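Engineer: Structure below; questions to follow.
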Amino acid sequence: MLFIIIGFIIFFIGLGFNRGEPNLRRFGGPARLIGLIIILIGVLTSCIVQIDAGQIGVKKLFGQVQNDVLTSGLHFINPLMEVEKMDVKTMNYTMSGIHDEGQKAGDDAIRVLTSDGLEVTIDLTVLYKVLPSEAPRIIRETGLDYSDKIVRPLTRTKIRDNAVYYEAVALFSSKRDEFQHRIFKSIEEDFKKRGLILEQLLVRNITLPQSVKTSIEQKISAEQDAQKMQFVLQKERQEADRKRVEAQGIADYQRIINQGLTDKQLQYETIKAQLEIAKSPNAKIIIMGRGNTPVILDGKNQ
């Protein structure tokens, strides 16, 4: 379009040279020729439009949006038309409390109130894409900045609306998947009404208030101490059982020995010991007393 306008300007300047002074008339013909060439180049470039892969084109004629869309490839169109290119690939919109991690600089995390009145901070990523057939309506009703006009405010509102049904600790732990599924369903319907497809909703991080964190840490510490005490008590019980079994074994052994040792058994063992002494090569003096047990003396030092 710009080449066409410039070409017409040069062409009309050439016509003006023909009506001016004689020394300027000689520039009129070349000026008109150059103008026509530029107009031709402008018409050719305006008629041919290339749409890249992952994009679509929406045609506008004097501000009026056309309902048909251009897919990827080369297209011949009316040179007076403008083409707005839109991505139909998967896009993401991140709202995070970490600086420069999301689409907005600074802290852009979502702060919500839970059912127990606590403030929880949520980091979130929205994966979405434009429905190609709805692209003309998006441009007509919203414009190309639909991420700021639809994705961001709608997502933040739905998260705040659904967080009030959960307690802070449950939202952080056991109810996290349920919460994510719930807000996905509520946002998905609203996105469809606006010509967008919600592909996935990622709850990246949930930050609890410091007081709740401290309470959880104390509870975990108490549970760990209780488990440690249970282990110590179990160990002591096992040691007591071991000692009880050991004492019972000693008692049983002594009882069996006491029942089995008779006077005749002791006399028999004494005789066996004397025989072993008698077989020794060392000289001995055996003094037999009146009792049953003899006195044995070593005769080497006599």
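Engineer: Just checking, which of LEU74, LEU70, LEU80 is more than 22 Å from ARG140 (Cα to Cα) and modelled with pLDDT of 70 or more? Can you show your working first?
Structural biologist: On the way: LEU70 fails: more than 22 Å from ARG140 (Cα to Cα); LEU80 fails: more than 22 Å from ARG140 (Cα to Cα).
Step by step, each of LEU74, LEU70, LEU80 is checked, and only LEU74 is more than 22 Å from ARG140 (Cα to Cα) and modelled with pLDDT of 70 or more.
Engineer: Tell me yes or no: at least one residue of the stretch 153-169 is open to solvent by 50 Å² or more (accessible area, probe 1.4 Å), of a type in the set (Phe, Trp, Tyr) and more than 21 Å from the chain's Cα centre (by Cα).
Structural biologist: Scanning the stretch 153-169 turns up at least one residue that is open to solvent by 50 Å² or more (accessible area, probe 1.4 Å), of a type in the set (Phe, Trp, Tyr) and more than 21 Å from the chain's Cα centre (by Cα).
Engineer: Moving to a separate point now. Residues of the stretch 164-186 being free of Cβ contacts under 8 Å to residues at least 40 places away in the same chain and part of a helix (DSSP H, G or I), which ones?
Structural biologist: ALA170, ARG176, ASP177, GLU178, PHE179, GLN180, HIS181, ARG182, ILE183, PHE184, LYS185, SER186
Engineer: Further question: Could you tell me which numbered condition LYS192 fails, if it satisfies all but one of (1) of a type outside the set (Phe, Trp, Tyr); (2) in a strand (DSSP E or B); (3) closer than 27 Å to LEU144 by Cβ?
Structural biologist: Here LYS192 clears every test but (2).
Engineer: Every residue in the stretch 44-80 that is open to solvent by 50 Å² or more (accessible area, probe 1.4 Å), more than 26 Å from LYS129 (Cα to Cα) and of a type outside the set (S, T, N, Q), please.
Structural biologist: LEU44, ILE48, PHE62, PHE76, LEU80
Engineer: All but one of (1) of a type in the set (Gly, Ala, Ser); (2) modelled with pLDDT of 90 or more; (3) open to solvent by 20 Å² or more (accessible area, probe 1.4 Å) hold for SER221; which doesn't?
Structural biologist: (2)
Engineer: Considering only the stretch 181-195, I want to know if a residue exists there that is at pLDDT 90 or above, at positive phi and touching an Asp or Glu at 6+ places or on another chain (Cβ under 9 Å).
Structural biologist: The answer is yes, given that some residue of the stretch 181-195 is at pLDDT 90 or above, at positive phi and touching an Asp or Glu at 6+ places or on another chain (Cβ under 9 Å).
Engineer: Against the condition assigned to a loop (DSSP other than H, G, I, E, B) and among the hydrophobic types (A, V, I, L, M, F, W, C), how does LEU144 come out, does it pass? Walk me through it before giving the result.
Structural biologist: Details: assigned to a loop (DSSP other than H, G, I, E, B): yes; among the hydrophobic types (A, V, I, L, M, F, W, C): yes.
So LEU144 passes the test.
Engineer: Only one residue in LYS85, LYS104, LYS59 is outside any strand (DSSP E or B) and more than 26 Å from ILE10 (Cα to Cα), so which one is that?
Structural biologist: Working: LYS85 fails: outside any strand (DSSP E or B); LYS59 fails: outside any strand (DSSP E or B).
Checking each option against the conditions leaves just LYS104.
Engineer: Only one of (1) within 24 Å of ARG182 (Cβ to Cβ); (2) out of contact with any Gly (no Cβ under 9 Å at 6 or more places or on another chain); (3) in contact (Cβ under 8 Å) with a residue 24 or more places away in the chain fails for THR125. Which number is that?
Structural biologist: All conditions pass for THR125, except number (2).
The values are calculated or read from the model by the stated rules, or taken from the named source; none is laboratory data. Computed from a prediction, not measured in an experiment: that's the story for all the values here. Here Cβ is always computed from backbone atoms with ideal geometry, including for glycine, and neighbour counts include all displayed protein chains. These accessible areas exclude ligands, DNA and RNA; they are computed on the full protein's heavy atoms, side chains included. Shrake-Rupley method; radii C 1.70, N 1.55, O 1.52, S 1.80 Å.
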